[in-house]
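The values are calculated or read from the model by the stated rules, or taken from the named source; none is laboratory data. Just so we're clear, the structure is a prediction, and the values are computed from it rather than from any experiment. No Cβ is skipped: glycine too gets one built from the backbone with ideal geometry, and neighbour counts run over all protein chains shown.
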Amino acid sequence: MSKVPLVNEFMTRRIVSLDPDMDIYDAIRSLLKHHISGAPVVKNGVLVGILSEKDCLHMFTKSVYDTIPGGVVRDYMSSKLIVCSPADDLFTVAGMFFKNSFRRLPVVEDGKLIGLVSRPDVLKGSIELWAEPGQSKKWTDAVYLTEEIKAALW
């Protein structure tokens, strides 16, 4: 049986990160400039949050009740973090995406942000896995799928 790809084999190591004290409009400009839908928020090398397009859209919808929105990244970022390890396998991360609505997961090792893994990264890893000759016959036993994922598939 072939080895299941690990996060460190298909994650993105070049990260655009934001500072929690950065002006929210500068952060939005950074997301747009880099054509990304979200970015980790890092302070002194430590992951403290994620700012997504959804968080930014929330800011604008709240402005209906207030004046022109403003503030810093810390005011709008998500600070409840779910992270993965570079040693997690493709199926574990797919399950995390299946269970949660977000598009990216920070990859953390020894408390430090070392990369990001996105839904497209998982798809790329799955294509590489299945592209090996004879793979469809080797993976009939879905030992890597959690019971939660198995239930959702049926």
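Residues in the stretch 5-21 that are more than 14 Å from residue 114 (Cβ to Cβ) and crowded, with 16+ Cβ neighbours inside 10 Å: 5, 18, 19, 20. Taking the stretch 1-55 as the range and being under 15 Å from the mean Cα position of the chain (by Cα), modelled with pLDDT of 95 or more and among the charged types (D, E, K, R) as the test, no residue passes.
From the list 73, 107, the lone residue that is surrounded by 15 or more Cβ atoms within 10 Å (Cβ to Cβ) and under 16 Å from residue 14 (Cα atoms) is 107. Taking the conditions exactly as written (under 15 Å from residue 72 (Cβ atoms) and either exposed (fewer than 15 other Cβ atoms within 10 Å of the Cβ) or in contact with a Cys (Cβ under 6 Å, 6 or more places away or on another chain) (or both)), does residue 28 satisfy them or not? For residue 28, the condition - under 15 Å from residue 72 (Cβ atoms) and either exposed (fewer than 15 other Cβ atoms within 10 Å of the Cβ) or in contact with a Cys (Cβ under 6 Å, 6 or more places away or on another chain) (or both) - is met. Selection of the stretch 67-115 for residues being assigned to a strand (DSSP E or B) and within 14 Å of residue 38 (Cα to Cα) yields 78, 104, 105, 106, 115. Each residue in the stretch 90-126 was checked for being at pLDDT below 90 and of a type in the set (Asp, Glu), and 1 of them qualify.
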